[in-house]
1. Looking at the range 552-566, can you tell me whether even one residue there is farther than 25 Å from residue 347 by Cα, open to solvent by less than 30 Å² (accessible area, probe 1.4 Å), at pLDDT below 85 and assigned to a loop (DSSP other than H, G, I, E, B)?
2. Do you know which of the residues in the range 1524-1555 that are farther than 26 Å from residue 366 by Cα, part of a loop (DSSP other than H, G, I, E, B) and not aliphatic (A, V, I, L, M) is modelled with the highest pLDDT?
3. Of everything in the range 201-222, what is charged (D, E, K, R) and either assigned to a strand (DSSP E or B) or at pLDDT 90 or above (or both)? Give them in sequence order.
4. So, in the range 1446-1477, how many residues would count as being out of contact with any strand residue (DSSP E or B) (no Cβ under 8 Å at 6 or more places or on another chain) and within 23 Å of residue 1425 (Cβ to Cβ)?
5. Applying the selection to the range 333-368, what residues are among the β-branched types (Val, Ile, Thr) and either open to solvent by 10 Å² or more (accessible area, probe 1.4 Å) or within 30 Å of residue 515 (Cβ to Cβ) (or both)?
6. Output the residues belonging to the range 1148-1162 that are open to solvent by 40 Å² or more (accessible area, probe 1.4 Å) and either basic (Lys, Arg) or over 11 Å from residue 1206 (Cβ atoms) (or both).
7. Which condition number does residue 1050 fail, the rest of (1) on the phi > 0 side of the Ramachandran plot; (2) at pLDDT 90 or above being met?
8. For the range 628-643, how many residues are touching a Ser or Thr at 6+ places or on another chain (Cβ under 6 Å) and either open to solvent by 20 Å² or more (accessible area, probe 1.4 Å) or outside any loop (DSSP other than H, G, I, E, B) (or both)?
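The values are calculated or read from the model by the stated rules, or taken from the named source; none is laboratory data. What you see is a predicted model, and the numbers here were worked out from it, not measured in a lab. Here the Cβ positions follow ideal geometry from the backbone for every residue, glycine too, while neighbour counts run over all protein chains shown. Ligands, DNA and RNA are excluded from the accessible area calculation, which covers all protein heavy atoms including side chains. Shrake-Rupley method; radii C 1.70, N 1.55, O 1.52, S 1.80 Å.
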Amino acid sequence: MSLTRYQYDPNSPGSASQLRFTSTKDLNLNISASNANMIIQAYASWDNFSDVDQYRKRPEVFSPSSPTRSIVDVHHQRSYYIIPQNKLGQDIFIRATEMTGFADIIRLSSGDMKPIKVPVSKNMSDSHLKGKLCRKIRTMVTITIADAMLPRVEGLTSHQYTVAVRVSPDHNLPSESLIRQQSARTCGRTSSYLSSDIELVEWSEIFFFKVDSPDTYILELIVADVGNGDTIGFFFAPLNQIAMYISDDSTQSDPINSLMWMDLSLSAFMNTTQADRRGKKSGGKLRCAVILSPKSNIDEANENFVGGINSRFIQISPSMEGPWTTLRLNYAAPAACWRLGNDVVASQVSVKDGSRYVNIRSLVSVHNNTDFVLDFYLVSKASSEIMESSADISMLEGVQLNGNRIQTDEFFEIETYDPNAGWIGYKAHLNQDQPHAGGSQQLRIDVNHLFTKMQATSGLELPSGWEWIDDWHLDTSANTGGGWIYAPDVESLNWPVSDDSLISLNSARQRKWIRNRKQISLDASKDIFLGQLKPGDTVPLPLSALTQSAPFVLQLRPSGSDKYSWSSVVRKPCQLQVSGKPKGTSEIYVSDLAESEELLCCSPLSEISSNASSHKIWFCLGIQATEISKDIHSDPIQDWSILVKSPLSITSYLPLTAEYSILEMQASSHFIPCSRGISRPGRTVNIYNANLCNPLFFSLLPRRGWLPLHEAVLISHPRETPSKTISLRSSISGRIVQLIIEQDYDDKEQTMMSKTIKVFAPYWFSVSKCPQLTYRLVDVGEKKRTRKIRFPFQSKKKGEGIVEEITDEEMYAGHTIASALNFNLLGLSVAVTDSSNGQFGPVKDLSPLGDMDGSLDVYAYNTGGKCMHLFVSAKPCPYQSIPTKVVTVRPYMTFTNRLGQDMYIKLSREDEPKVLRSSDARIPFLHCENEGADKLQVRLEDTEWSFPVQIVKEDTIALVLRGNDASRTFLKVEIRGYEEGSRFIVVFRLGSTKAHVRKPQMEVTPVEIIIELGVVGVSVVDHMPKEVFYMYLDRVYVSYSTGYDGGTTSRFKLILGHLQIDNQLPLTLMPVLFAPEHISDIHQPVFKMSITMKNASTDGVQVYPFVYIRVTNKCWRLNIHEPIIWALVDLYNNLQLEHIPQSSSVTQVDPEIRVDLIDISELKLKVSLETAPAQRPHGVLGVWSPVLSAVGNAFRIQVHLRRVVREDRFMQRSSIVPAIVDRIWRDLIHNPLHLLFSVDVLGITSSTLASLGKGFAELSTDGQFLQMRSKQVLSRKITGVADGFIQGTEALAQGVAFGVAGVVRKPVENARQNGLLGLAQGIGRAFLGFLVQPVSGALDFFSLTVDGIGAGCSKCLEVLNNKRTFQRIRNPRAVRADGILREYSEKEAIGQMVLYLAEASQNFGCTAIFTEPSKFALSDYYEEHFIVPNQKVVLVTNKRVMLLQCSSLKKMDKKPCKIMWDVPWKELMAVELAKQGSQLPSHLLLHVKNFRRLEAFVRVIKCTSVEEVEEIEPLAVKICTVARKMWRAHEDNINSIMLKVPSSQRYIYFTRSEADRTSVPRAVPGPGQ
């Protein structure tokens, strides 16, 4: 709700009129990745169609010879189409729905695309992802009112007439329309008189209406006289009788040709007296046109709905018979997944020329990120197996061997009757006939995993060379209810013979499930050639290569020749075997992918020389997975990308072009050149001829005479540490510079194969617009260490030794390199050496360059005694990824002539005149030394010298030059402070000869618009969906006023009373991301901004008189928990920013702005960083990953963004943002000692101990121990010494217990699996675990204890400093399993936090002593929770119901609750309500299927015993209703389809929709989808 108030004081003429908008309720804004992508798509479409207006104004701009369709043609087309593109590598079938049923099925061949006649509505309210379209197709009615011939009315002035247009339903006809009467009105005046009795009235208005059907509406036109209100005439007719259609192919678009004359009647609204008074019997004639939208478009739209099925989608199937899957258009998501028969495919949607292109592909794509055109090949590994097995296949009756051999597998499900629990599962038997024996193999399977095992999971894998052809289904040949046969006991079961099911003695029953599979013919296992892939291209893999049981291996080689063999995988000797892959193999199986990096080698087919290894080509293949959806079990569905790139890349961040060499050391210690070439500044060179398994050496030769001190340095070695630096010597000056070699690679992470090497220098020297100069770096450190009082006999030259001398010959394009410089100990002296050795100027101390905005003035002299004023500064390197600092040398002043004639310049009275020619721009000058300040004088050819002017700031001044004939010439001198070429740029222009006349200011009343908001909340949600962070704004005040200073000045003001950004990741250690350290006062806002600007520019310069930004003078806290960084990166990567139009036909001018005064206050930040190595994406930080992990939670620094006050600053508008970023960057890197002194010794110690503990835990190879330890690491939250000691003791006890228990458990488990050999392996694992697991626990104990001490110290310091504890404004938003973004509910948010924090107990023996924190946080979705007596909570999720015990109901969202018991829905057998001492249900009983011997078969939930108020549902009934709802949903999910995806042979579950015969994953769509 909002309030609007207008305020104006007539007694104060100069006061501002205020229009104030005030919100009385909180304003919440949800921003999701899906909604952002929809907005981007809408903006791209709007930008596309905006060209239509440009076409109407300038049609010659749009070339008719363009290969793409004109945007104007797209705009005028009447129908859009969905164009599927088949990239599955096999034929598929597509159909769309129509009025009479399903359309003809289209066979879409592999690689083909065909437009499907499925018109897409232009209405943006139609949601193509959900299929929720309006059920009524409405018709657009366009009514044009042109003019009328009316009876003339006598009068002194011309009359005004109105036309009322009404479109209303005909009540005499049956109609279900929801649209009632629609009306519009327009006014016109008499334009001319056609005769003495007729006058012509013109309106020329167009009205638009929407109707459900033209057959049920009527049109009314009423013409009235405005002066007296009399009705002139009336027209009435059914809409369908007077309206006309314009066909799609009609070229006549001018509405004038559709106008018709209609007679106006008098009888409906005029009585006889009115008609007689006018003296006319006719109401005149009205010319109008009524046009309907194209009939063909309407008919097609009406055919789009068949029983509620929306035809704006297409259906796909692998065969003519089905099953069919509805494929919806996923505009807002990068990709979506669908079922295709027994497989899973992905789709991507793009819009081009108004049509929707749907790319249907597999879940695996290959990207070529190399410099080669590559051939890709999929090699089948099952051909030989099928050949061998086919020789032993015996002919069976009814089975074909020459074609596709069909085999039927049988699965028997058995249940027994329990009087207390009903029918319960007994055992299940599988008869899977082997094709070579014809017998059967029986497997005993727990019935609890019935539907999992039925879908051919682990234990029921298909033999090689076979594939399923249908799903598991019941064998109904027994002709009994549900397919069951009955018998007195299990032993008496004899399928298909059955006893009477009604006999009470029958306590066992059985039914049979069957599934058919076929043998893959030899032709189906042929190798697949994918074709050529150019650099930067992407190709999806054929679906057959991912779904067939015969494994396919990916191979590649350079295209265009047969000189190289197909690639093979090369592994390092120390690399561990990847689990899950066949032992002893090293191929890339495309149907069994895992995230990793592999090294590939293509060998030459002909031995060119003895050193054949140098001619091999190496590639790095990276396998990455992106989650695009979830199945009904909340398991991720991943889209896989196989990225082929170079194994070694070198990027030179030197300002010099250099020649590089890569050398490989052989076993004989000889070097073989692998690669040589030219490295350019900022460019990356990819190396393909170097074997990373062997030692590699690197050599670099920059231009301008740089030579290496050593032949080559080590950059890669299997066991040794590579070099971090490379030293160069200048052959010109003898200087030695040490370059830094940085590698984004960690040798400890064995799965990382590729290496990225950066080469950069610590410092650059950048010189521009200067003559040839020589620089001397002088040691002034000894001078600074001496006494401040110098004795008379002490030498002035002592301590000023020359460190380095840099000559102009070393400069390359104005740049050269230098080693690390200590500005506090160095001085600089410069000489001008144009033709001979110049004279060095005085030594200037370089210590000011150590400051962020530090600079200094230096004078350089030549042999003639003339000098040049130089400006020296230091700034960061233009390459942001390296820490290089650039020392820039620029002239203090440069001059530009824009007069059109030559002019003369002097920089002092004693200076010689210098000519500045008409074509000169940014020219510096040498001048005679002046004892005072330099003062500028100018003159023209026929004028005298101007008055001396001193240049000290940016300004615009006027100079008057008196001519020899007493005339005057005005010069406009612009002094700008750009640093590209100098400190000041002086531009001379001709000034105006007319005097400026000050115009009197008009009296304009200022107007101010004010928006006041109490609370504003912004929730940012990613594509999962998951709330990432929440921004809270309090007391928001926005004001815009204009009309000040006579209407020339406007002002914008923004005030924030409070600002806080919360980290909404549920298990984060830092819930508050950004907030002020102290609570803000109501009278002291945390942020205030005020900007004033001139409405009119002055000489083309936009003027801002005042820019004021003020933040609270208190310190701000920036708390970064590492997972929030990766969550934001993932959110950014899922934004479809590439769809934003980049090109524009409009050429924008970069205007110049002037700021009279800018005042930005200081910002104090306290930055804290908590690392989480376990949640870090693999290999993303390279070499910095172990460094960041070692620092751990020791990162505590204080950052001061210093105050900025500037006056009279000129700049281009495009340089504002880079200047702000550069300023912040320089503040952040300023004074790095803050980082060094802020390192916490306790934090580093804790991190080191934790890393050692993790290493010892991984040595144990105990999966259960590692899983429990990782869960505890993710959920630990230590707030003090007690927490650290308790959790450390628990970790120690856990390590000891697992080590002792493993002595018995591991040998037994291995013996069961692998027999006697497994027993020996188990004894070895038990001995290793007995040693390392207690050590891991001990290290964790010390680590957590140190963490507790550090947390306690931090808390004490905060209490002493009176600092507040940071808490979230609200709990993270609850998102249910359906993924729909609902309105925020605090109750649901608390329930979700209870789920995240709930911890269970881990049994050791018969006692529960170990806690398992956040047990169901990552597997379940919250649905509902209820509070029951005794501080207990009933929590319902999508997978189970559980009872929890809380220590405090008020803090249950902050403190973990104990899980007393949980019942998964698959274990639930019945739900029962019970009464105890009351008329209403007070207890809820949950009967479980399976239970242990000492456990109860029922779980009891005791609800409140107090009698509820009438008409209020009892709590037990509420819990029962929710439990039944979720239980039924789980039972519906059982009737699901299991499909295999290319992820370690993993399966996903799809729901089956019988209504439209489709199957879709119960995915988690993004908000707004």
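1. There is no residue in the range 552-566 that is farther than 25 Å from residue 347 by Cα, open to solvent by less than 30 Å² (accessible area, probe 1.4 Å), at pLDDT below 85 and assigned to a loop (DSSP other than H, G, I, E, B).
2. 1535
3. 202, 205, 210, 220
4. Count: 8.
5. 344, 345, 349, 351, 360, 364
6. Matches in the range 1148-1162: 1148, 1149, 1150, 1154, 1162.
7. Among (1) on the phi > 0 side of the Ramachandran plot; (2) at pLDDT 90 or above, the lone unmet condition for residue 1050 is (1).
8. Residues meeting the conditions: 4.
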